[in-house]
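Values quoted throughout were computed directly from the atomic coordinates according to the rules given, and no laboratory measurement underlies them. Computed from a predicted structure; not experimentally measured. Cβ placement follows ideal geometry from the backbone for every residue including glycine, while neighbour counts extend to all protein chains displayed.
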Amino acid sequence: MDQSDNRSSARIELRQHQRSVVPPACLLSFAPFAPTISFNGDTEGEGVVINLSAGGCKISSDAGVAVGDAMSLIILLPGEICPTTIDLALVRWGRDLHFGVEFVSMGTTELTRIRRFLASTGPE
């Protein structure tokens, strides 16, 4: 095995929060954060949360978004009656019909709700 094979098999994990798989019923909607912040994607969209952590999530959606887009999210966690609102999330990557967002700003109640949900599910 040469050195290039060693580098390709080694993977550096940069995430600060452990991800958890979310049931398919975890729906989400998003809208541009503010007109003053760049948003190159669709005006609004809907999707399904694939995995979730306290710091962000992976979303499956056919809505067009671009890396760097700033958005507000509304997530309906399974078993919850009230949706969880993320005030500001930034698109960090996108591939095909999936993209990942980092949660930048949310209320303490929302963070507590996400952490409680994650504690009730297993890691990815």
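The table that follows gives values for the structure above.
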{"quantity": "Inter-label distance, nm, simple model (7 Å from Cα along the C-beta direction), Glu46/Ala66", "calculated": "2.6 nm"}
{"quantity": "Two-site label geometry, Asp96 and Thr109: point separation in nm, points 7 Å out along Cα→Cβ", "calculated": "3.8 nm"}
{"quantity": "Highest average packing first - 87-100, 55-68, Cβ atoms within 10 Å", "calculated": "55-68, 87-100"}
